[in-house]
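Enquirer: Shown below is the structure under consideration.
The values are calculated or read from the model by the stated rules, or taken from the named source; none is laboratory data. Being a predicted model, the structure only gives us computed values, none of them experimental. A quick note on method: Cβ atoms are made from the backbone with ideal geometry, for glycine too, and the neighbour counts reach across all protein chains shown.
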Amino acid sequence: MPSKPMLIYDGYCNLCSWLVRFAQRFDKKERIALQPSQNSDGMFDVGIPEKVFKSTVVFVSPQGKVYVKSRAALRILKTLGGIWSIAWFFLLLIPNPIRNFLYNFISRNRYKWFGKRQTCYYPVSKAQTPKK
């Protein structure tokens, strides 16, 4: 199990990379571990089938609960806290089938609309960022 929540994303997807940068920017306490699906070491330890973590955003809680698609995105908002918890609450009011329909539609078109990176996006932690 991860020691803190883990976000698993497609490192070649520009939209997914933007989501990761968004999470990093607002995760001041570094509560969420970030892991591209292309670096699959340890993914099977939490029981995630390769087909799942290679095709959707995945959020794994420290207890090992796995959230995918729109539920994973909502978990990110909830974990970030603050104003993002309010967004989480209101988005939760949209029924899951509708959220996932929209998620799947965007997911199918993400490379066409947002492009694909030439290299996998690996976020730099704040601890690795040089001090000014």
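Conditions (1) assigned to a loop (DSSP other than H, G, I, E, B); (2) surrounded by fewer than 13 Cβ atoms within 10 Å (Cβ to Cβ); (3) touching a residue at least 24 places away in the same chain (Cβ under 8 Å), marked per residue:
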| site | (1), (2), (3) |
| --- | --- |
| GLN63 | yes, yes, yes |
| ALA72 | no, no, yes |
| LEU77 | no, no, no |
| ARG99 | no, no, yes |
| TYR103 | no, no, yes |
| TRP113 | no, yes, yes |
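Enquirer: Also: Which of the numbered conditions does GLN24 fail, given that it passes all the others? Conditions: (1) modelled with pLDDT under 90; (2) surrounded by 12 or more Cβ atoms within 10 Å (Cβ to Cβ); (3) in contact with a Pro (Cβ under 7 Å, 6 or more places away or on another chain).
Expert: (1)
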